[in-house]
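Reading through the structure tokens given below for one structure.
The values are calculated or read from the model by the stated rules, or taken from the named source; none is laboratory data. None of the values given here were measured: they were computed from a predicted structure. Reconstructed Cβ throughout: ideal geometry from the backbone, glycine too, with neighbour counts over all protein chains shown. These area figures cover heavy atoms from the full protein model, side chains too; ligands, DNA and RNA do not enter into them. Shrake-Rupley method; radii C 1.70, N 1.55, O 1.52, S 1.80 Å.
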Amino acid sequence: MGKTTSIVERIVNLARLPEIEAVDRLSRLIVVTYSVRAAQQMQQKARVAIRTAEVSTRVQRAFQQTFFGTIHSYCVRLLERFGHYLGLPRGGVASGR
């Protein structure tokens, strides 16, 4: 079994947990890959698997909050959200200000 398949199966297992737990975990889940293309492919495969698993609409919405991306894009997101605690200007990371 490949890496992507294993990760997608783990995501589906989270989606099948009791709804409150599934919503909490999926809405906070971070899936980091080496490339944007890999992140997009993994997100698409996970989306199809979640639909096939026939979980509740609430769980499917929580899955939409799952972050799929590169380590770089995740770090940029963190800096945009919390960089002001480090003295960075708000909105300055992505916009180059």
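Couple of notes before you dig in:
- Summed over the residues of the chain and divided among them, the accessible surface reaches 71 Å² per residue at a probe radius of 1.4 Å.
- Think of the chain as a dipole: +1 on every Lys or Arg Cβ, -1 on every Asp or Glu Cβ, centred on the Cα centre; then among Gln43, Gly83, Pro18, Gly83 lies furthest on the positive end.
- Note on Thr57 and Phe82: with the Förster distance fixed at 30 Å, the Cβ-Cβ geometry gives a FRET efficiency of about 0.45.
- Among the listed options (1) 44, 16, 11; (2) 29, 16, 10; (3) 35, 15, 5, the one matching semi-axes √(5λ) of the Cα gyration tensor in Å as calculated from these coordinates is (2).
- Simple spin-label estimate for Ala49 and Ile20 in nanometres, 7 Å along Cα-Cβ: 2.7 nm
- Applying 0.36 nm per residue to the separation of Gln65 and Lys3 and subtracting their alpha-carbon distance, the gain on full extension is 20.2 nm.
- Relative contact order (%) - criterion: Cα under 8 Å, at least six apart; region: the chain: 30 percent
- The accessible surface of the chain, taken with every protein chain in place and a 1.4 Å probe, is 52 percent carbon and sulfur.
- For the chain, the membrane-span-like helix rule (DSSP H, alpha carbon extent of at least 15 Å along the helix axis, mean Kyte-Doolittle at least -0.5) picks out 3-15, 71-82; this says nothing about an actual membrane.
- Local electrostatic count at Gln41 - Lys and Arg +1, Asp and Glu -1, tallied over other residues with Cβ under 13 Å: +4
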